[in-house]
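Student: The structure under discussion is supplied below as C-alpha cells; questions concerning it will follow.
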Amino acid sequence: MDLLNFLKDWSEVWALLIPLIIIVLFKPGSKQIRPVILYVILGLILNFIATFMLKYHYLVPSYLYVNNMSNNNLLYNLHSMARVLLLSWYIINIKKYKASIILKIFLIGYLIFVLLDFTLIESPLFFSTRIYSAESIVLLIMCIFYFFRSMEDESRTDWLKHPSFPICTGIILYEAITFFIFLFFYPLSEKNPEFFVATMQIYSLAFILFCILLSLAFYRYSKQLNQTSEKL
C-alpha cells in the first residue's frame, strides 16, 4: 500500500520520467521535436518541486508560504502555460502551411488573456481554473487544425505513422478529459470531496497516458533519424 500511495502521490513526476528515459536512450535528434523535449524537462522540474512542496511542506522555507501554508499553485500555473506555449510551438511548426498565421494569432490571444487574468482578475499564486480551461481550448483547437491538415494533405507523408500523430493524439485525449475536471475543480472539491478524489485519479491516468504517447513519439523520431542516416 505504501508503494501504491507513493506512486499515486508522485505520478506527475515519474510519468514524465518515461519520455525522459526514451529521450536519453534513443536521442531523437530532430529540431522539430525540441519544443516537446523542452516541455518534458521543464514539466518534470516544475512537477517535482510542486509535489515536494506538497508532501514535504515542513521543509519548505517560510518565506515561500502564503497564508501560513506552502503554496505550489504558481508552479502548476507555470506548467499549464509552458504546456500551451511549447506544444503549440511544436504543432505550428510540424509543417508550414497557410493557416499557421491564424494559430499564431490565436496563441497571442491566449497570452493576452493570461496577462489580463493575472493582472486584473486573480493572483498567479491562486490555482487558476481559467488558465487550465484556456489551455484545453487552445491545444484542442491546435490539434483539430493538425488533424484536418493531415486529412487534406496531398503529399506522400503517412501521418498515422508520423511521430507527430501520437503527440497530437495524446494532447487531444489529455485535454478533452481534463477540461471538465478543471472547469468544475472548485465546486467538486467543496461539494463532493469523494467524487473530486476520483476525478483527480482520472486526471493522473490521463497524464500518464499522455506521457506514454510522448514516449512513443520520441522513439519514432529516433527511428526516423536512423533510417535517414542509413539512406545517406
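Coordinate-derived values only; no laboratory data. As the structure is a computational prediction, the values presented were derived from the model and not from experiment. With ideal geometry, Cβ positions are generated from the backbone for all residues, glycine too; neighbour counts draw on all protein chains shown.
Student: Can you give the net charge of the other residues whose Cβ lies under 11 Å from the Cβ of residue 9, counting K and R as +1 and D and E as -1?
Tutor: 0
Student: If you don't mind, another one. Three principal axis extents, largest first, for the C-alpha atoms of the range 2-231, in Å?
Tutor: Largest to smallest, the principal-axis extents are 60, 40, 33 Å.
Student: Still on this model: If you average the alpha carbon positions of the range 114-134 and of the range 143-183, how far apart do those two centres end up, in angstrom?
Tutor: 27
Student: While we're looking at this one, here's another question. Only counting other Cβ atoms within 10 Å, I'd like 209, 116 sorted with the fewest neighbours first.
Tutor: With the sparsest Cβ surroundings first, the list reads 116, 209.
Student: Under 19 Å from a point placed 7 Å out from the Cα of residue 200 along the Cα-to-Cβ direction: which residues of the range 104-141 have their backbone N that close?
Tutor: 125-133
Student: If you average the alpha carbon positions of the range 70-88 and of the range 12-43, how far apart do those two centres end up, in angstrom?
Tutor: Using only Cα atoms to place each centre, the spacing works out to 17 Å.
Student: Can you tell me how much longer the chain between residue 190 and residue 102 gets when fully stretched, taken as 0.36 nm per residue apart minus their C-alpha distance, in nm with one decimal?
Tutor: 27.8 nm is the gain from fully extending residue 190 to residue 102.
Student: May I pose another question? Report, in debye and to the nearest 20, how large the dipole of the chain comes out about its Cα centre when Lys and Arg carry +1 and Asp and Glu carry -1 on their Cβ.
Tutor: 900
Student: For every other residue with a beta carbon closer than 15 angstrom to the beta carbon of residue 25, add +1 if it is Lys or Arg and -1 if Asp or Glu, then tell me the sum.
Tutor: +3
Student: Would you mind calculating the relative contact order of the chain from Cα pairs under 8 angstrom and at least 6 residues apart, reporting the percent as a whole number?
Tutor: Dividing the mean separation by the residue count of the chain yields 29 percent.
Student: Order by neighbour count: 153, 2, 117, fewest other Cβ atoms within 10 Å first, most last.
Tutor: 2, 153, 117
Student: Arrange 54, 115, 3, 87 by Cβ neighbour counts within 10 Å, fewest through most, would you?
Tutor: 3, 115, 54, 87
Student: Kindly count the pairs of lysines across the range 2-231 whose alpha carbons are less than 16 Å apart, treating pairs on different chains or eight or more residues apart as eligible.
Tutor: Lysine pairs meeting the criterion: 10.
Student: Then there is this: What FRET efficiency would be calculated for the residue pair residue 144, residue 6, taking the C-beta separation as r and a Förster radius of 41 Å, to the nearest 0.05?
Tutor: 0.65
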